[in-house]
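**Q** My questions all concern the structure below.
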Protein chains: 2
Amino acid sequence: MSKEIGITVKKNEDFSEWYTQVVLKAHLTDYAPVKGLIVLRPYGYSIWESLKSSLDNKLKSTGHENAFLPVLIPESLLSKEADHFVGFTPEVFWVTHSGNTEIGDRLGLRPTSETLAYSMYSKWIKSWRDLPLKINFWNSALRAEIKSTKPFLRTSEFLWQEGHTVHITKEEAEEEVMAILQIYKKTVEEELAIPVLIGKKSEKEKFVGAVYTTTMESIMPDGKALQMGTSHFLGQNFSKPFDVKYLDKENVETFAWQTSWGVSWRLIGALVMVHGDDKGLVLPPRVAPIQIVIVPIYYSPDDREAILSKANEIAEILKNQSLRIHVDGRDEFTPGYKFNDWEMKGVPLRIEIGPKDLAKGKMVLVRRDMSKKSDITFNETEQGVLTVLEDIQKNLYNNAKKFLNERTKNVNDFEQFKKELENGMFLYSPWCGDQKCEEAIKESTGADIRVIPFDGKRSNLPCIICKNPSITDAIFARGY
Amino acid sequence: MSKEIGITVKKNEDFSEWYTQVVLKAHLTDYAPVKGLIVLRPYGYSIWESLKSSLDNKLKSTGHENAFLPVLIPESLLSKEADHFVGFTPEVFWVTHSGNTEIGDRLGLRPTSETLAYSMYSKWIKSWRDLPLKINFWNSALRAEIKSTKPFLRTSEFLWQEGHTVHITKEEAEEEVMAILQIYKKTVEEELAIPVLIGKKSEKEKFVGAVYTTTMESIMPDGKALQMGTSHFLGQNFSKPFDVKYLDKENVETFAWQTSWGVSWRLIGALVMVHGDDKGLVLPPRVAPIQIVIVPIYYSPDDREAILSKANEIAEILKNQSLRIHVDGRDEFTPGYKFNDWEMKGVPLRIEIGPKDLAKGKMVLVRRDMSKKSDITFNETEQGVLTVLEDIQKNLYNNAKKFLNERTKNVNDFEQFKKELENGMFLYSPWCGDQKCEEAIKESTGADIRVIPFDGKRSNLPCIICKNPSITDAIFARGY
C-alpha cells in the first residue's frame with residue numbers, strides 16, 4: 001500500500017495526526033467546505049446507523065417515542081431561561097435573512113432543543129393523564145466552534161439524539177435520568193466495546209440550566225478524558241419559565257419535573273481512538289459496516305473461477321446469518337494490497353481462500369484485533385465465524401477495560417497528583433466540595449473534575465487541595 | 001366526544017379547514033413558534049418512520065448507501081450552478097453571524113444538497129472503480145415559504161430524503177432515474193395505498209438545473225394535483241461546474257453523469273387527504289402507528305378484571321405477530337368516547353370485548369375504512385386479524401384507485417377542458433410541445449402540465465390550444 005493511502009504515523013508517536021489520518025483515510029468522514037463542519041461518508045454513517053438502531057430499540061422498549069422539531073428557534077424563545085441562554089449564546093448561528101427579506105426576531109440554529117421542545121410541551125400537556133411524556137429527537141445540533149476543531153470530537157454541527165421527558169414527580173424524573181445513563185452505558189459497552197465510568201458532574205461542569213448532570217466518561221489513549229454522554233435532571237428550572245404544567249387528580253395546576261439527555265457522533269471518535277492501531281481503524285463486529293471480508297487468492301484463471309465461486313458461496317451462507325460480508329473480487333489489486341486496505345478500514349475478520357485451501361476444503365481466518373490466524377473447514381463456516389466475531393467483540397472490550405484500569409489511580413497527595421496527571425491518568429482524589437479547590441486544580445494543572453462517582457465517599461481523607469475534610473472522591477483528568 | 005376534540009367540519013364542505021383540523025387534532029403535527037414551521041409529533045413521526053424504513057430497505061437492497069451532509073452551505077458554493085442558484089435563492093435562509101461574529105461568505109441553509117454533495121464527490125471520485133456512487137441523505141431541507149403555508153404540503157422546513165448518484169454512462173444514469181421512480185411508486189402504492197401517475201415534467205416545470213425531471217403525482221379529493229416525488233436526470237449539468245470526473249479505463253479524464261431524487265413528508269399530507277373522512281384520519285395498516293386498538297367494555301369491577309385480562313392476552317398474541325396494538329384501559333372514559341377518539345386518530349381496526357363476548361369466547365372487529373362489524377372467536381385471533389388488516393390495506397387502495405380513475409379524463413376541446421377543470425379533474429389533452437401553449441393554459445385556467453406520460457402519444461389529435469399537430473398527451477390539472 002502506498003504511503004498516500006496507508007497511515008503514515010504511529011498512534012503513540014503523534015496521536016493527533018494519527019487520529020486525523022485514520023478518520024479521513026478509512027473514509028469515515030471528510031471536511032466540508034465550511035471550517036469546523038464535516039460530512040459523514042457512507043462507511044462512517046453505517047457505524048452511526050448501527051449505534052442508532054441499538055439505542056433506538058432500547059429507548060422504544062422503555063416507552064420513549066421519536067419526533068421532529070425544526071432547526072430554527074426564535075431568539076425570544078432561546079433567551080427565556082437566562083442561565084441556559086447565556087451558556088449557549090456565544091456559539092449560536094443566527095439567521096437574519098430569508099431570501100432578501102430581513103427577519104425581525106432573529107432565528108437561532110438549534111444548539112439544543114430544550115426551549116423549543118418545552119414551549120410545545122406546554123401546549124400538549126393538559127392533565128396528569130398526559131404524563132409521563134417521553135420524547136426523543138434524532139437530529140443535529142449546531143454550535144459554532146472557534147477553538148481547534150476535530151472530526152467527531154469538536155465540530156460546529158454534529159449528529160446526536162436529544163431526549164426530553166416530563167414527569168409528575170421529582171422521584172420519577174430522577175429515576176429516568178439514571179435509567180437513561182444506564183442505557184447509554186450498556187449501549188457503549190456492548191456495541192462499541194468501550195468501558196465507561198459514570199457519576200455526576202460538579203456544579204461547575206453541569207449543563208447550563210440543569211439541577212444536576214450525570215455523565216459517562218472514559219480515558220483515551222492520549223490520557224485525556226472524553227465525555228461520551230450526559231443525562232440531566234432539570235428539576236423545575238425549565239417547567240416554570242416555559243409553563244410546563246398539568247392538572248393533577250385534584251384539578252390543581254402543578255409544575256412538572258423534567259429531564260434531558262443526549263449522545264452524539266462523538267462516540268465514533270471514541271471508537272476510533274480506543275481501538276485503532278498503527279494500521280488504522282479496528283472496529284468491533286457489532287457496529288462494523290463490513291464484519292467479514294473474503295479475499296480470494298489465485299494465480300491462474302482456472303483457480304480464479306473456482307475460488308471466487310466458493311467465496312460467493314461462503315458469503316451467501318454468512319449473509320443468511322444476517323452478517324455483513326463483502327467479497328473483494330477486484331482483479332486489479334494484489335491480495336497484499338487488499339489485506340492492507342481492509343485492515344486500515346478496520347474490518348474485524350478476514351477470510352482468505354487460496355488454491356491449497358480449496359483443495360483441502362478449508363479457509364483461513366485472520367482477526368483484525370490480534371495477528372492470529374486459524375483454519376476452519378467449509379463445513380464449520382457458520383459456527384466458526386460467529387464464534388470468532390463474538391470473541392473479537394469481547395477481546396476489544398477486555399483490552400479497553402484493562403487500559404482503563406491501568407489508567408485509573410487513587411491519589412491523595414497533590415504532588416503525586418501532578419506527576420500522575422502527566423502520565424495521562426484518571427485520578428480518584430478526595431475533594432471538599434468547594435468550587436475554589438476545583439478551580440485551583442484546573443488553574444495549576446489543567447485537570448477538571450470529570451466524574452463524581454455515585455458511591456464517591458472512599459474514606460475520611462482530607463481534600464487534596466485545602467486539606468479540609470473531603471465529602472467525596474472526584475475523578476480528575478484533563479479532558480477533550 | 002366534545003366539539004373541541006372532534007372534527008367539526010365535513011371533508012366535502014370545507015376541505016382546507018377539515019385538513020387542518022385532522023392533522024392537528026389527530027396529533028400528527030403542531031405549529032412551531034416560527035410561521036411556516038411545524039413539528040412532527042410522535043404519532044406523525046411514527047408514520048414517517050414506517051415510510052422511511054420501507055423506502056430505506058428498497059434503496060439499500062439496490063446498492064444505495066446513506067450519509068450525512070451539514071445543513072450550512074457557503075453562498076459561493078450555492079451559486080456555482082447559475083440556473084440552480086437563481087431558482088432557489090429567493091427561498092434561502094441566510095446565516096450571517098455566529099455568536100457576535102459576522103461571517104464573511106454567508107452560509108445558506110440547505111434548500112437541497114446538489115452543490116455541497118457534488119463538491120465532495122469531486123474529491124472522492126478518482127477513477128472508474130469508484131463508480132457508480134449512489135448515496136442517499138435522510139435530512140431536512142429549508143426553503144422560506146412566503147405564500148400560504150400548510151402542514152406537510154408547504155412548510156419552510158421539511159423532512160425528506162435526497163439521493164445523489166454518479167454514473168459512468170448516460171444510459172446507466174437514466175436507468176437509475178427510472179429505477180428510483182419505480183421504487184417511489186411501489187412504496188407509495190403499497191405502503192400508503194395511494195395510486196399514482198408517473199411521467200416527465202415539462203421544460204417549464206422541471207427541477208432547476210436538471211436535463212429533465214420525472215414525477216409521480218396523484219389527484220387529491222379537492223381536485224388539485226399533488227406532486228409526490230421527483231427523480232431528476234442531471235446529465236452533466238452539475239458534473240462540469242463541480243468537476244465530478246473520473247479517469248476511465250484508458251486513463252482519460254471524463255465528466256460523469258448524475259441523478260438526484262427525493263420524496264418528503266408531503267406524502268403524509270397526501271395520506272391524510274386521500275383516505276381521511278368526516279370522522280378524521282384513516283390510516284392504511286402498513287404505516288399506522290397503532291394498527292389495532294382493543295377497547296374493553298365492562299360495567300362492573302368483576303367484569304373489568306376478566307375482560308382486561310383477556311384484552312391483554314389477545315394483545316400479546318398479536319404483538320408476537322409484530323403487530324402494533326394498544327389496549328385502551330382508561331377508566332375515566334366511556335367506550336363511546338374511546339371509539340370516537342381512535343376513529344379520529346385513524347386506527348385501522350378496533351376490537352371490542354364485552355361481558356357477553358367473553359362468555360361466548362368471541363370478540364367484535366370494527367373496521368375504520370367501512371362501518372362493518374364482524375365477530376371472530378378467540379381461537380381465530382391471529383388469522384382473523386391479519387386477514388382483516390390486509391383487506392383494509394387493499395380496500396383503501398382500491399377506493400383511491402377508483403377515485404383517481406373517476407377523476408381522469410381525455411379532453412380534446414379547450415371549452416370542455418375548462419369545464420372539466422372546474423370538476424377537479426386530471427385532464428389528458430393533446431399538446432404541441434410549445435411552452436407558449438402551456439403558458440396560455442396556465443394563464444387562462446390556472447392549470448399546469450403535471451405529468452407527461454412516458455407513453456404519451458395517444459393519437460394524432462391537434463394541440464388543444466394552437467391546433468398544430470400534438471407531439472404527446474399531457475396531463476393537466478391545478479396543483480398544490
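The values are calculated or read from the model by the stated rules, or taken from the named source; none is laboratory data. None of these values were measured; they are calculated from a predicted model. Positions of Cβ are generated from backbone atoms using ideal geometry, with glycine treated the same way; all protein chains shown enter the neighbour counts.
**Q** Can you tell me which residue is surrounded by the fewest Cβ atoms within 10 Å (Cβ to Cβ) among those in the range A:55-88 that are more than 7 Å from every other protein chain (Cβ to nearest Cβ) and among the polar types (S, T, N, Q)?
**A** A:Ser61
**Q** Please name all residue pairs, on different chains or six or more residues apart, with Cβ atoms under 7 Å, provided the first residue is in the range B:153-182 and is away from chain A (no Cβ under 14 Å) and the second residue is part of a loop (DSSP other than H, G, I, E, B) and among the polar types (S, T, N, Q).
**A** B:Ala179/B:Thr62
**Q** Here's a follow-up. Suppose the filter is part of a helix (DSSP H, G or I) and modelled with pLDDT of 95 or more; does B:Glu162 pass it?
**A** So B:Glu162 does not fit the description; no.
**Q** While we're looking at this one, here's another question. Can you tell me which residue in the range A:228-251 is farthest from A:Tyr480 (Cα to Cα), limited to those that are part of a strand (DSSP E or B) and among the aliphatic types (A, V, I, L, M)?
**A** Result: A:Leu247.
**Q** What number of residues within the range B:179-200 satisfy the criterion of being of a type outside the set (Val, Ile, Thr), closer than 22 Å to B:Ser61 by Cα, crowded, with 19+ Cβ neighbours inside 10 Å and more than 12 Å from the chain's Cα centre (by Cα)?
**A** So the count comes out to 1.
**Q** Something else: Kindly provide the set of residues from the range A:91-116 that are in contact (Cβ under 8 Å) with a residue 40 or more places away in the chain and within 9 Å of chain B (Cβ to nearest Cβ), ordered by number.
**A** Correct list: A:Glu91, A:Val92, A:Phe93, A:Leu116.
**Q** Another question, if that's okay. List the residue pairs whose Cβ atoms are under 9 Å apart, where the first residue sits in the range B:20-42 and is farther than 20 Å from A:Lys134 by Cα and at pLDDT 95 or above, the second is part of a strand (DSSP E or B) and aromatic (Phe, Trp, Tyr), and the two are 6 or more positions apart or on different chains.
**A** Partner pairs satisfying both residue conditions: B:Leu37/B:Tyr31.
Here is a yes/no grid of residues against (1) surrounded by 14 or more Cβ atoms within 10 Å (Cβ to Cβ); (2) of a type in the set (Asp, Glu); (3) within 23 Å of the chain's Cα centre (by Cα):
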residue: B:Val366; (1), (2), (3): yes, no, no
residue: B:Glu382; (1), (2), (3): yes, yes, no
residue: B:Leu396; (1), (2), (3): yes, no, yes
residue: B:Glu438; (1), (2), (3): yes, yes, no
residue: B:Glu443; (1), (2), (3): no, yes, no
residue: B:Arg450; (1), (2), (3): yes, no, yes
residue: B:Lys457; (1), (2), (3): no, no, no
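**Q** Another one. Conditions first: (1) in a strand (DSSP E or B); (2) modelled with pLDDT under 95. A:Asn136 passes all but one, so which condition is the exception?
**A** (2)
**Q** Something else about it: Which numbered condition in (1) within 14 Å of another protein chain (Cβ to nearest Cβ); (2) touching a residue at least 60 places away in the same chain (Cβ under 8 Å) is the only one that A:Lys147 fails?
**A** Going through the list (1) within 14 Å of another protein chain (Cβ to nearest Cβ); (2) touching a residue at least 60 places away in the same chain (Cβ under 8 Å), A:Lys147 breaks only (2).
**Q** Let me ask something else about it. Does A:Ala173 fit the bill of being assigned to a helix (DSSP H, G or I), touching a Ser or Thr at 6+ places or on another chain (Cβ under 7 Å) and surrounded by fewer than 22 Cβ atoms within 10 Å (Cβ to Cβ)?
**A** Judged against the criteria, A:Ala173 is not a match.
**Q** Being in contact with a strand residue (DSSP E or B) (Cβ under 8 Å, 6 or more places away or on another chain), touching a residue at least 24 places away in the same chain (Cβ under 8 Å) and either more than 14 Å from chain B (Cβ to nearest Cβ) or closer than 19 Å to A:Pro348 by Cβ (or both) is the filter here, so list the residues in the range A:310-335 that pass it.
**A** A:Lys310, A:Ala311, A:Ile314, A:Leu318, A:Leu323, A:Arg324, A:Ile325, A:His326, A:Val327, A:Asp328, A:Pro335
**Q** Would you check if A:Phe378 is in contact with a strand residue (DSSP E or B) (Cβ under 9 Å, 6 or more places away or on another chain), farther than 28 Å from A:Met273 by Cβ and touching a residue at least 40 places away in the same chain (Cβ under 8 Å)?
**A** Considered against the rule, which asks whether it is in contact with a strand residue (DSSP E or B) (Cβ under 9 Å, 6 or more places away or on another chain), farther than 28 Å from A:Met273 by Cβ and touching a residue at least 40 places away in the same chain (Cβ under 8 Å), A:Phe378 comes out as yes.
**Q** Can you pull out every residue in the range B:252-267 that is crowded, with 24+ Cβ neighbours inside 10 Å and part of a helix (DSSP H, G or I)?
**A** The answer is B:Leu267, and nothing else.
**Q** OK, next. Which residue is farthest from A:Pro430 (Cα to Cα), if the candidates are limited to the range A:464-480 and must be touching a residue at least 60 places away in the same chain (Cβ under 8 Å) and among the aliphatic types (A, V, I, L, M)?
**A** A:Ala477
**Q** Right, next: Only one of these is within 23 Å of A:Leu40 (Cβ to Cβ), under 25 Å from the mean Cα position of the chain (by Cα) and among the polar types (S, T, N, Q): B:Ser50, B:Ser46, B:Ser122, B:Ser61. Name it.
**A** Just one listed residue meets the conditions, B:Ser61.
**Q** Still on this model: Being part of a helix (DSSP H, G or I) and at the interface with chain B (Cβ under 9 Å from one of its Cβ atoms) is the filter here; which residues of the range A:30-54 pass it?
**A** Across the range A:30-54, the qualifying residues are A:Pro42, A:Tyr43, A:Gly44, A:Tyr45, A:Ser46, A:Trp48, A:Glu49.
**Q** List, please: which pairs have Cβ atoms under 8 Å, are six or more places apart or on different chains, and start with a residue in the range A:209-233 that is over 16 Å from A:Ala173 (Cα atoms) and among the charged types (D, E, K, R) and end with one that is assigned to a loop (DSSP other than H, G, I, E, B) and modelled with pLDDT of 95 or more?
**A** Within 8 Å, the pairs are A:Glu217/A:Val196; A:Lys224/A:Arg478.
**Q** Kindly indicate whether B:Ser444 is among the hydroxyl-bearing types (Ser, Thr, Tyr), outside the structural domain of B:Ser322 (by TED's automatic domain parsing) and not in a strand (DSSP E or B).
**A** The answer is yes for B:Ser444.
**Q** Quick check, is A:Phe207 within 14 Å of another protein chain (Cβ to nearest Cβ) and either buried (at least 22 other Cβ atoms within 10 Å of the Cβ) or in a helix (DSSP H, G or I) (or both)?
**A** For A:Phe207, the condition - within 14 Å of another protein chain (Cβ to nearest Cβ) and either buried (at least 22 other Cβ atoms within 10 Å of the Cβ) or in a helix (DSSP H, G or I) (or both) - is not met.
**Q** What number of residues within the range A:126-144 are within 11 Å of chain B (Cβ to nearest Cβ), over 25 Å from the mean Cα position of the chain (by Cα) and among the hydrophobic types (A, V, I, L, M, F, W, C)?
**A** Summing the residues that are within 11 Å of chain B (Cβ to nearest Cβ), over 25 Å from the mean Cα position of the chain (by Cα) and among the hydrophobic types (A, V, I, L, M, F, W, C) in the range A:126-144 gives 2.
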